[in-house]
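Read-outs throughout are calculated quantities, based only on the coordinates presented, and are distinct from any laboratory measurement. Model, not experiment: these values are computed from the prediction. Reconstructed Cβ throughout: ideal geometry from the backbone, glycine too, with neighbour counts over all protein chains shown.
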Amino acid sequence: MKKTAILPGGFKPPHKGHYELALDLAEQSGAEVTIRVGSAERESITQAMSIKIWEMYGFLAKKAASNSPITDVFEYVGKEAIEGEEVHKVQDGKIIHVLKYKRIYLILLFPLVFAYSRLYLAVHFPIDICVGILTGIIFGNLYFYVFRKADKKLFS
């Protein structure tokens, strides 16, 4: 299985702290580190200049698909990662593992089987199960909507 470590950010300019973080990510994950550089220009340092500096450090650097580090990682996993690839990302100094699987929707079977088992064992009334499913769908969509709005507002 291929292992990739993603380090997204602005990196204008990339400094020693960024470099040490990339080295630490490579060491902890045991994966090839890819630096994803945002497009915003800061302190007269462009995206192309930042990519060249990272390449001088010896890392693979690419243009980010989005200015949001979170969106950039999700776009990488959704569009560029191959099935079964293990992706590592640093968020607040912690490594987050993401696995890409095309059949991830199968995880939705677990709540359905669990809900059916509650009915089968007569632990809950059917209305309890229906209200629980409906509440989960509503709050899941609400949280997703709030996340998308906050992500656009903070990183666009």
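Rounded to the nearest Hz, the phi-derived 3J(HN,Hα) couplings of segment 21-27 under the Karplus curve 6.51 cos²θ - 1.76 cosθ + 1.60 (θ = phi - 60°) are 5, 5, 5, 5, 4, 5, 5, where x marks glycine and proline.
Packing, taken as the mean count of other beta carbons within 10 Å per residue, orders the peptides 22-35, 135-148 from highest to lowest as 22-35, 135-148.
The alpha carbons of segment 104-155 occupy a box of 48, 23, 9 Å along the principal axes, longest dimension given first.
Under 5 Å from the amide H of A5 lie the amide H atoms of E32, V33, T34, H88, each residue being 5 or more positions distant or on a separate chain, with H modelled from the backbone and absent for Pro and chain starts. Site pair A122 and L109 shows an inter-label distance of 2.9 nm when each label is modelled 7 Å from Cα along Cα→Cβ.
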